[in-house]
Every structure is written in structure tokens, then in C-alpha cells.
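Student: Structure incoming, see below.
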Amino acid sequence: MAQFPDATVVAVMEREETGANMLPLALATKIATTGNLELNQTIYSSGSISRKNKNAVQRLLSIKNFIGRVQKGRNYIIVDDVLTQGGTVAELRHYIDNNGGKVVAVSSLAHSAGSNVVAIQPATLKELRRRFGRGKLEKILNEHNIVGKLEALTESQARTILRFGSFDSFRTRLLEEAVSARRETVDEGQGTPDSLLDRLSQGAKGATEFLADGRRIIHLFESADITTLLHELAHIARRYLDPASMSVIKLG
């Protein structure tokens, strides 16, 4: 790291199911000591979300949030133990960049095949746009809080998406994993199915998902039209009606 003599080394510090993962910190400490660099131990993941033992799509949905002090104008070197999709490193990089720092290098003990290239490559970005369309893909990625722009994906994350033959197959798989992870109730007006996929497989045009934090998510499937939206909005509205009003209203 001689080319960055003024850089600060920061480890990917996060909680795992078995406790804190200390390998990144040990490697970061070694790099900082050897290069006579500053070591920052104040930046860490604020949640308990783990990507360990998860498949590629589940990893896409496992978003890390970081907290801690970033020095504006400072160069940073991110250190992790293993790079799989590079998502955690990318999220930490965005956190540092958004708070005035600049990530100049990434180091790890090991990486999965192809994950040594973190930033999405121009050819991969072009293929994503060609196959799925920028607008549709960015919309669904944003809805699931993965990224806002395709350029924010890592190369490995982008290649995970490209394994799907169509936009619909990718969207369905994302929906399956998201619903499985949240395990929240879905209201379909006539009973409660096990998952949103039940509605999709039954030919439904849409579904409304009620989250534990009070948010409502309306899912409009491929065959949806304006009446589908009105129908799903009615499912939300009826929860705010008193019994007397409900007795004279029948939802179709």
C-alpha cells in the first residue's frame, strides 16, 4: 500500500450469528502496522444481517448499513476476509464516499471466482441494459433497497442477475426470496396465501403486502391494469374503515 502513504485502513466489522467476525480486523491491523498507516475501528455495520450461508440472490437482498466517523478528504483502504459478491465492501465504500472520504483500495485474504474485480465492468453494464432494460431493472432493485443505479452494482452482483434468462424470472426469484425472508402477511381479500408467489402462480394480477413496520407494498404483476391498482388500494383502505362502513361495502 506504499502508493497511499496517508490512507486510513478500515476493516469490514460486522456481527455474525456466532459473534463478531475478527478476521478482517486482524488483517487490517497487520496492513496498518506494516505500512505505518492509521487504523480506523469506529466504522462498523450497525445491523445483525449476515450473508453467511446464503445463496446469491439472498446475498443481493441482505443490505448492510454502516455507522461511524469518516474523515472528510481522507483516503481509505477497505479490508475484508473473503470477497464473494463484494456487496458488503461496496456498501462500506458508498458509506465512506457519501460522508466525504475516498476509497482508494480494497484488500482481502481470499475471494470467490471473479470477485477480485469489484466495480461493475462496462461490458457487463451494457449487457444488463440490453437484456433487462435500465428502467425496469433499476426500479425493482430500488424497490428491494439493493441499489438505486446499475453502476452501484458490483461485477459479481451484476453477473448474478445475468444468470437469469429474463427480467420476469429474476423478478419472481427476488420476490420469492424477499417474501421468504420477511415472512410477512399478504392480504388477497379472500383469505391469506402462504406467499406472494401463490398469487402469481394462481394468475393474480396483483397483491398487497403488509409489513410489520406499518408500510404497505402493492405488487403489480405482468398482467396488471388500472383496475388492479384500484383493487389493491381498496384492500388497504378497508383497514381504516369502521365496522358500520364495512357492513355496507363489499370488495370485489
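Student: Express the Stokes-Einstein translational diffusion coefficient of segment 119-183 in µm² s⁻¹, to the nearest whole number, given a Kirkwood radius over alpha-carbon pairs, 20 °C and a viscosity of 1.002 mPa s.
Tutor: For these conditions, the coefficient is 179 µm²/s.
Student: Treating only the Cα positions of segment 8-111 as identical point scatterers, give the base-10 log of I(q)/I(0) from the Debye formula at each q in 0.13, 0.17 Å⁻¹.
Tutor: -0.42, -0.73
Student: On to the next question. Can you give the FRET efficiency to the nearest 0.05 for Asn99 and Ala224, using r as the Cβ-Cβ distance and R₀ = 41 Å?
Tutor: My answer for the efficiency is 0.55.
Student: Based on the alpha-carbon gyration tensor of segment 57-142, what equivalent-ellipsoid semi-axes (square roots of 5 times the eigenvalues) come out, in whole Å, largest first?
Tutor: Equivalent ellipsoid semi-axes, largest first: 24, 17, 13 Å.
Student: Could you order peptides 98-106, 153-161 by the average number of other Cβ atoms within 10 Å of their residues, highest first?
Tutor: Sorting 98-106, 153-161 by mean packing, highest first, produces 153-161, 98-106.
Student: While we're on this one: In terms of Cα to Cα distance under 26 Å, which lysines are near enough to Lys205, apart from those fewer than 8 places away along the same chain?
Tutor: Those lysines meeting the cut-off are Lys136, Lys139, Lys250.
FYI, it's all coordinate maths here, none of it is from the lab. Owing to the predicted nature of the structure, the values given are computational and were not obtained by experimental measurement. Neighbour counts run over all protein chains shown; Cβ positions are idealised from the backbone, glycine included.
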